[in-house]
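Down below is the structure, laid out as structure tokens.
The values are calculated or read from the model by the stated rules, or taken from the named source; none is laboratory data. What you see is a predicted model; the values in this text were computed from it and never measured. Because the Cβ atoms are built from the backbone with ideal geometry, glycine has one as well, and the counts that use them run over all protein chains shown. Accessible surface is based on the protein model in full, side chains and every heavy atom, while ligands, DNA and RNA are left aside. Shrake-Rupley method; radii C 1.70, N 1.55, O 1.52, S 1.80 Å.
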Amino acid sequence: MTTLPAILAAPLAITWGPNPEIFSIGPIHIRYYSILFVSGFIIGYYIFMRFFKREGLPVEILDTLLYTLLGSAVVGARLGHCLFYEPAYYLSKPWEIFMIWEGGLASHGGAVAILIALWYYARKYGRRYDFDYMWLLDRVGVATPLAGALIRLGNLMNSEIYGNPTDLPWGFIFTIRGETLAKHPTQLYEALAYLFTFAFLMLLYWKFLDKLKKGTMFGIFMIGIFGPRFFIEFVKEPQVAFEQGMTLNMGQWLSIPFILLGISIIVYSIIKGSPAAIQNYADIKKAKTKSASDNIKSEADKIKSGKSYK
């Protein structure tokens, strides 16, 4: 039975039913989700370019990092969905695991795959350029929340992964899914949480890198991504049938280890962590400071000697 608050709020609800597909050319279908997914990694590439330039690392090795992150995210997210949410189905039809266009990606699986891929990348390039695994994770932790927010906007354009019925005025009626009641736009909830995490971590990196310990930014990233995800799941509709009746759903169970890992990393970084900035950055900053000091001294000497520029 529809409650009076739901009836009163219905006119304020947002009717939502955009076509997920932007256009198609023959068998090729371009969707908002795909564009937003790839855009997150491209923007992350340019953010990393700023990181590398600031800390004196060659930007030439960024292409490999982009391909590593993009490939591992897609493969891991797909395997995560197939093995965490619908293992019986996909193990009986393993060829459908490769049918990514049919939908089905799990962020937790993508996170695990990215962690493994970054370990390989750090092992390959770290010794040569004086950075290690945790240094890389810190910076990936800064850039990734923005990509996560764009992916959740892609979910919104697909009218998928939304919440339970709500009488709040910002509820969405996902008409393309046949919904007639307003539902929590949990995609937007997560996107906003990820954007806040991104902004906070960018502030820490640009303003307080000298004072940070290695691992702190990555720990905050883990908590800032999977903490909100854990609580938002309480108002999200079950993704698969077996989640019906569960006190905590699969998304929450999978989030707990990441949250605990984030807390552990922050504690360790505070107690025993080394500086977050690599030596290259310290040398670059020292050189800039010395150059500025020399310029000031030079100008002062000119003034004393009676010389000045017109």
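Roll a 1.4 angstrom probe over the protein heavy atoms and tell me the percent of accessible area of the range 113-262 that is carbon or sulfur.
69 percent
With every protein chain left in place and a probe of 1.4 Å, what is the accessible surface of His29, to the nearest 10 Å²?
Probe radius 1.4 Å; accessible area of His29 about 100 Å².
At 1.4 Å probe size, put Lys236, Lys272 in order of accessible surface, largest to smallest. Don't skip to the end; give the middle numbers.
Details: Lys236 10, Lys272 145 Å².
Output order, biggest surface exposure first: Lys272, Lys236.
Which entries in the list Lys213/Lys236; Lys53/Lys214; Lys53/Lys207; Lys53/Lys124 go over 25 Å, if you measure between the two C-alpha atoms of each?
Distance filter (> 25 Å) returns Lys213/Lys236.
Order Tyr32, Tyr268 by their accessible area, 1.4 angstrom probe, all chains in place, largest first.
Details: Tyr32 85, Tyr268 140 Å².
Largest accessible area first, the list is Tyr268, Tyr32.
For the range 106-182 and the range 37-69, write down the distance between their C-alpha centroids in whole Å.
Result: 17 Å between the Cα centres.
Once you put a point 7 Å from the Cα of Leu195 and another 7 Å from the Cα of Ser274, both along the Cβ direction, what distance in nm separates them?
3.8 nm
Heavy-atom accessible area of Trp135 with all protein chains present, probe 1.4 Å, nearest 10 Å²?
0 Å²
In Å², and per residue, what accessible area does the range 161-244 have when probed at 1.4 Å with the other protein chains present? Show your work: numbers first, answer last.
Working: 3910 Å² over 84 residues.
It amounts to 47 Å² per residue over the range 161-244.
Among 13-21, 40-48, how do they line up by average Cβ neighbours within 10 Å per residue, starting with the highest?
Descending mean neighbour count gives 40-48, 13-21.
Apply the Karplus curve 6.51 cos²θ - 1.76 cosθ + 1.60, θ = phi - 60°, to the phi angles in the range 123-132 and return the couplings in whole Hz, x for Gly and Pro.
Each residue of the range 123-132 in turn: 5, 6, 10, x, 5, 5, 10, 6, 9, 10 Hz.
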